[in-house]
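Since the structure comes first, as structure tokens, the remarks are kept for the end.
Nothing in this text is a laboratory measurement; each read-out follows from the coordinates by a stated rule. Owing to the predicted nature of the structure, the values given are computational and were not obtained by experimental measurement. Quick reminder, even Gly has a Cβ in these numbers, built from the backbone with ideal geometry, and neighbours come from all protein chains shown.
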Amino acid sequence: MVSDKNAATSAAKPRSNTIRGQRSAKGLPETPPSRVIIRSIEPAVDGGRFPAKRVAGEPVTVTATAFADGHDHLRVELLWREAKGGSWNRAPMSPGFNDTWTAEFVPTSAGNWEFTVEGYIDRYGTWVAGLAKLVAANRATPPELLDGSAQLLAASERADDPAERAALEGTASAIASASLGDALAAAQALEMLAVKWQDRGVIARPATSLPLLVEQPRAGNGAWYELFPRSAGEPGSHGTLRDVQARLPEIAAMGFDVLYLPPIHPIGTSHRKGPNNTLTPAPGDPGSPWAIGSKDGGHTAIHPELGTLEDFAALVASAAE
């Protein structure tokens, strides 16, 4: 995984053309569209209309279909970042069966993230692969070495690190007059550096990134226990939040790690329901806790018979312990 530092250097040393072909005022393409087609990026819900969900700290496996015309090699990269912005992180994707590419990343925190995929023609990788075929066929030193040398020299002009620039220039000079086998070894040894600074041409990238909702680890494996506080008291008595607090060790001992409560707000007094959702409540029936709001308060209040805000704060603190 590397940070996308290329964005900072692209203004001084352009490495690619536009992502998609731009059009002139007359509607004619000013630059050709990318030869690379990218589709079927996963994970996606309804084509990206809704975010897929994952858990912080766990790998997210991304797959995509990417291909191009002809026999040139491709480079496909996964990009991801927190949706609040900032630099994209990048990782190369690995080719698999039937034009499928795969890579993964690990979202480090809960929140909204986004990811996408880029692809371009790998001119240098295509050249190295062709050179390897010539070596296997025991061909004499061909003029193809000059093409590779020219690519390395062009890459050296984009490199912003003096050591990397020198390595590219030195290898370009060496392979121009080397034997076929020596040229192949030198080209393969420098392939990652050459790919880093090669001309990527027109890069293919979907118009929009895909959303990802990353949740806390507890969302992936938490066991929830739902409890109505009024049922936590002694038989025949109305339970309180303090009674719930006393039951926390028992709930934890059963293997639960999340306590889930229905609404604990004051309950409305009109049109109440009776036991089992009947429409004929008796005078003493408390009503449905989902009917929120009375003279005692609304969504920001605690039902008086359950306790106070201080009692609720104490319950939250005990649950955290």
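Round to the nearest 0.05 the FRET efficiency obtained for Asn277 and Ser237 when R0 = 22 Å and r is the Cβ-Cβ distance.
Given R0 = 22 Å and the Cβ-Cβ separation, E is 0.40.
With springs connecting C-alpha atoms under 10 Å apart, model the chain as a Gaussian network and identify which of Gly236, Gly293, Gly119 has the largest mean-square fluctuation.
Answer for the Gaussian network model of the chain: Gly236.
Return one number: the angle in degrees, 0 to 90 and rounded to the nearest 10, between the long axis of the Cα atoms of helix 144-158 and the longest principal axis of the Cα atoms of the chain.
50
Would you mind telling me which residue in Gln245, Gln198, Gln151 has the biggest mean-square fluctuation in a Gaussian network model of the chain, where springs connect alpha carbons within a distance under 10 angstrom?
Gln245
Given only helices, namely DSSP H runs of n ≥ 4 each adding -39500 (n - 2.57), what is the per-residue ellipticity at 222 nm of the chain, to the nearest 500 deg cm²/dmol?
-8500 deg cm²/dmol
What angle, in degrees between 0 and 90 and rounded to the nearest 10, separates the Cα long axis of helix 123-136 from the longest principal axis of the Cα atoms of the chain?
Relative to the chain, helix 123-136 is tipped by roughly 60 degrees.
Explain nothing, just the number: relative contact order of the stretch 194-321, from Cα pairs under 8 Å at least 6 residues apart, as a whole percent.
23
Taking amide hydrogens as modeled 1.01 Å from N in the peptide plane, which residues meet the under 5 Å criterion relative to Glu104, leaving out close sequence neighbours?
Under 5 Å from the amide H of Glu104 lie the amide H atoms of Val62, each far enough along the sequence or on another chain.
Residues with amide H under 5 Å of His303's amide H, sequence separation 5 or more or different chain, H placed in the peptide plane at 1.01 Å from N; which?
His265
Considering lysine pairs in the chain that are 8 or more places apart or on different chains, how many have Cα atoms under 29 Å apart?
Summing the qualifying lysine pairs gives 10.
So what's the gap between the Cα centers of the stretch 256-321 and the stretch 117-178, to the nearest angstrom?
72
Of all trypsin sites (Lys or Arg not before Pro) in the stretch 32-69, which ones are in loop regions per DSSP and have a Cβ with at most 13 other Cβ atoms within 10 Å?
Sparse-neighbourhood loop trypsin sites (Lys or Arg not before Pro): Arg49.
With θ taken as phi - 60° and the coefficients 6.51, -1.76 and 1.60, list the Karplus ³J(HN,Hα) couplings across the stretch 72-89 in order, rounded to whole Hz; mark glycine and proline as x.
The phi angles translate into 5, 7, 10, 10, 10, 10, 9, 10, 8, 6, 5, 5, 6, x, x, 6, 6, 8 Hz.
Roughly what angle does helix 162-175 make with the longest principal axis of the chain, taking Cα atoms, 0 to 90 degrees, to the nearest 10?
40
Under 8 Å for C-alpha pairs, at least 6 residues apart: give me the relative contact order for the stretch 219-275, rounded to a whole percent.
Once normalised by length, the contact order is 42 percent.
Classify the stretch 236-321 from the C-alpha gyration tensor, please: rounded if a/c falls under 1.5, else prolate or oblate depending on whether a/b exceeds b/c.
prolate
Can you run phi through the Karplus equation (6.51, -1.76, 1.60; θ = phi - 60°) for the stretch 288-297 and list ³J(HN,Hα) in whole Hz, with x for Gly and Pro?
Taking θ as phi minus 60°, the curve returns 7, x, 7, 8, 8, x, 8, 5, 7, x Hz for the stretch 288-297.
For the chain, set up a GNM with springs between Cα atoms under 10 Å and report which of Val62, Val195, Val258 has the largest fluctuation.
With Cα springs under 10 Å in the chain, the top fluctuation among Val62, Val195, Val258 is at Val258.
Could you work out the relative contact order of the chain? I mean the mean sequence separation of Cα pairs under 8 Å and 6+ apart, divided by the number of residues, in percent.
Computed over the chain, the figure is 17 percent.
Here are some values of Rg and Dmax of the Cα atoms in Å: [x] 21.3, 67; [y] 31.5, 102; [z] 21.3, 78. Which one was computed from this structure?
The calculated read-out lines up with [y].
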